[in-house]
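The values are calculated or read from the model by the stated rules, or taken from the named source; none is laboratory data. Not measured: the values here are computed from a predicted model. Cβ coordinates were reconstructed from backbone atoms using ideal geometry, including for glycine residues, and neighbour counts include every protein chain displayed. To get the accessible areas, we keep the full protein, side chains included, count just its heavy atoms, and leave off ligands, DNA and RNA. Shrake-Rupley method; radii C 1.70, N 1.55, O 1.52, S 1.80 Å.
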Amino acid sequence: MAGVSVIQMFGRRVSWRGGCEWHRHSRNGQRRMAVSGQSPYCSAVESPAVQHAGRSRRKILTLQSMNPQVRAVEYAVRGPIVLKAGEIEKELQNGVKKPFDEVIKANIGDAHAMGQQPITFLRQVVALCTYPDLLDNPSLPNDAKRRARRILESCGGQSLGSYSASQGVNCIREDVAKFIEKRDGGVPAHPDNIYLTTGASDGISSILKILVSGEGQSRTGVMIPIPQYPLYSAALSELDAIQVNYYLDEENCWALDVRELQRAYYSAREYCNPKVLCIINPGNPTGQVQSKHCIEEVIHFALEEGLFLLADEVYQDNIYSKSCQFHSFKKVLYEMGPEYFNNVELASFHSTSKGYMGECGYRGGYMEVVNLHPDITAQLVKLLSVRLCPPVSGQAAMDVVVNPPHPGEESYEQFIKEKEAILSNLAEKAKLTEELFNQVPGIKCNPLQGAMYAFPRIFIPDKAIEKSKEHQMAPDMYYCMRLLEETGICVVPGSGFGQKEGTHHFRMTILPPVEKLKILLQKVKDFHMRFLEDYA
């Protein structure tokens, strides 16, 4: 049509001739608005980009105009050093010569990417759920088929491709409750308190969203451990909440001291309203496992000061030190008596991504929330309903984690063999990493009691610190960047997790196969000795 321009706006057809006639319809189709002449609406719609092909207009979304809370988000685990690792990988693929043949990405706890083999039974159940025709395949075990049928019967249209309830598939939530009850020696758990999530991260972010409120000095303060997993600082930046740091005791194997909690809490009350306390047990990136006595002290502190507890327990299967044992916050809370169990608000989290499963890509997880006010429960369900539901395939994977083969079932022996092999292999690598790091002058590594990382302290000479300032980098970022460029090993600087001023660290996963891990550790040792010589 000559002289008429047509564009799509908000999904509706908009046209104008000369000036502007904009017909905008409300959702119910009953309201119509026409704007003519030199309306400000017309000047906005008749931008040069629409009127004159080839002429660009200013971008609406820029670093200055974007949400400042999102701009403030940092996530060190996939930060600048990982981007540099990707560039180096492309250079190697294009034939650029380097002092190494491959980039070893030891920056993230991605078990299968590091060569860990999937648990057969878990993959069988998810495969059966995904492709039910396999239920007629005689080569697949009957115990896997029973679980798959039960999950499918709870799905709409008996298909994994249907939406589930916002809280998750009902029978899987029932299995999670039974798992928690068994894990905690009979402490009651109810499916209504279980929320299936897209990995543990989704649950943590959701709880934080409903916890954060207020302005100025009444703004919610969230206490997090330092060193921390960067999800927490990133989520708090996005929510514009106040991050309240409490420091773990490196000299005492990264122990949590309640006196440090008190210091952080009372200091924070001067500028915010601290009402949330986050715990990571076993620790990430530090690998410590908290004692029952320590957990009791934390719970008592939370009751006294009126704090909502978040217990990140995704590494509960990853315990390597024979002197350590995993104690869930839920169980300890119950054992402390009714005054605690009926009053302290607690959200705890678990995931398919860690443990012996390592199924990061399925994004399966759950959270259990106890002592939540009924009105807030309704608000939480409402919030979760906005994202409809977590991936149903991830929910199925979570079901296998909490409902594995039982003694007497045909898949039990193979399942136990695979599980124990993975965990014993991780324990071997934890010990190996600790021992080899502590043989290197200028590196000190605490015992890796649990999780799947080392967080060694590194000595960085003054000259190297001055050099890092020239490059506008934190000293440990400069160290890790040099390590990457000279050896191909990608680790994450401790500054991305938080650390006491004047100390320097890096985080490295222990997931590579034993032989590759030995090579990696030797390369770190050789690099560190050269680094010290260069800046002596």
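Under 21 Å from A85 (Cα atoms) and surrounded by fewer than 24 Cβ atoms within 10 Å (Cβ to Cβ): does that describe K525? Yes; evaluated as a whole, the condition is true for this residue. Filtering the stretch 155-183 to residues that are open to solvent by 50 Å² or more (accessible area, probe 1.4 Å) and assigned to a helix (DSSP H, G or I) leaves G157, Q158, N170, E174, K178, E181, K182, R183. Just give me the residues in the stretch 460-471 being touching a residue at least 40 places away in the same chain (Cβ under 8 Å), open to solvent by less than 60 Å² (accessible area, probe 1.4 Å) and not β-branched (V, I, T), in sequence order. Residues satisfying the conditions are P461, A464. Here E368, E413, E418 are screened, and the one residue that is modelled with pLDDT of 95 or more, of a type outside the set (A, V, I, L, M, F, W, C) and within 21 Å of H112 (Cα to Cα) is E418. Scanning the stretch 211-236 for residues that are at pLDDT below 90, crowded, with 21+ Cβ neighbours inside 10 Å and assigned to a loop (DSSP other than H, G, I, E, B) turns up Q228, Y229, P230.
Taken over the stretch 114-151, the criterion of being hydrophobic (A, V, I, L, M, F, W, C), touching a helix residue (DSSP H, G or I) at 6+ places or on another chain (Cβ under 8 Å), part of a helix (DSSP H, G or I) and under 27 Å from P513 (Cα atoms) is satisfied by F121, L122, V125, V126, A127.
Of these, A474, A454, which one is among the hydrophobic types (A, V, I, L, M, F, W, C), buried (at least 21 other Cβ atoms within 10 Å of the Cβ) and on the phi < 0 side of the Ramachandran plot? I'd like the intermediate steps shown before the answer.
Numbers: A474 fails: buried (at least 21 other Cβ atoms within 10 Å of the Cβ).
Result of the check over A474, A454: A454.
Among the residues that make up the stretch 184-205, is at least one of them over 30 Å from K275 (Cβ atoms) and open to solvent by 10 Å² or more (accessible area, probe 1.4 Å)? Checked against the condition, which is being over 30 Å from K275 (Cβ atoms) and open to solvent by 10 Å² or more (accessible area, probe 1.4 Å), the stretch 184-205 yields at least one hit. Within the stretch 469-490, is there a residue that is in a loop (DSSP other than H, G, I, E, B), modelled with pLDDT of 90 or more and touching a Gly at 6+ places or on another chain (Cβ under 7 Å)? Within the stretch 469-490, not a single residue is in a loop (DSSP other than H, G, I, E, B), modelled with pLDDT of 90 or more and touching a Gly at 6+ places or on another chain (Cβ under 7 Å).
Among the aromatic types (F, W, Y) and surrounded by fewer than 19 Cβ atoms within 10 Å (Cβ to Cβ) - does that describe any residue in the stretch 389-412? Yes, the conditions are met somewhere in the stretch 389-412.
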